[in-house]
Amino acid sequence: MANTLSFARFRSAKRHLWLVSLLFPLTPLLGVVTIWMSGNAWFAWLPVAMFYIVMPLLDALIGEDTHDLLGLMEDAAEMSRFYQFMVHMLLPLIYLTWVIGAWFVVSHPLPVHAYIALAIAHGWGLAFAINAGHETGHKTDKISKWIALLMLAPSFLGHFRIEHNRGHHSAVATPEDHATARFGESYWAFILREYPGGWKRAWAIESERARRKGYSKFSLRNEVVACTLMQIMIYGAVIAALDPGRNSLLGHRHGDLCHGVKFAELFRALWLTKTEATQRKICPVPA
């Protein structure tokens, strides 16, 4: 009861501020809009400056929110229909940003530096889509499941929902976990190991489920098969609608940016105290 009342007070005071989160996936479009309005290609770097300079400064100036949705209020927040609506509403915004960015690149001649800036900005947009898909993929209802898969599709990471929930959570911070950075492992080594390892584990999990339930592992009931075909169809539709010769600039995964989020988050799992390291014997792990 106390937790519910605490969340209720927080919700009534700051619930309207949740709407601000819907603006974040639109941030990469700042470059597109300002170039279109001014004709100055250097404005392509505006969203990059927002991500790397403005937002860190605001974060330092504003500080931590002592009434954030953590700890005891988290479960109550996730039960809120408004909270669920907010997360689901990110889906059309993610696709709107992705498609408009790709359209702008193939329809406007730009200098090389502008292409680089837009690629970085929209790479961060897809990284945000992975975070949103991560959050939504933890829900158990079918609507949230498919919304999560659609959020992950532009990054070609549809297998993440199965791999993360049924693989990573079972083996986190152990040598067997592809999604946990090993002690002393380089950034690039982690990227090259994590994606193929995660896909293989997702395939193994779904193949085993197919064997237990008596259907082919190549069936559409296999989530890895279904999401892979869905991703190919989505990319095919975007490429067919745009110039395939240049669409790939903004349509590719930007894996270094997307997986950097996971690297930074999961590396902390291996920073154990000396006592914990001795007891668990999982750190260091040979690369």
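Is the C-alpha gyration tensor of region 126-249 telling us rounded, prolate or oblate? Criteria: a/c under 1.5 is rounded; beyond that, a/b larger than b/c is prolate, otherwise oblate.
Oblate, since a/c reaches 1.5 and b/c is not below a/b.
Exposure proxy shown here: for LEU220, LEU118, LEU91, LEU110, the number of other Cβ atoms within 10 Å sets the order, fewest to most, as LEU220, LEU110, LEU91, LEU118.
Stretching LYS217 away from TRP188 to a fully extended chain increases their span by 7.3 nm, per 0.36 nm per residue minus the current alpha-carbon distance.
Label positions at THR174 and LEU22, each projected 7 Å from the Cα along the C-beta direction, are separated by 4.2 nm.
Every number here is computed from the coordinates shown, using simple stated rules; none is lab data. Note that this is a predicted model, so its numbers are computed, not measured. Note that we place each Cβ from the backbone using ideal geometry, even for glycine, and neighbour counts take in every protein chain shown.
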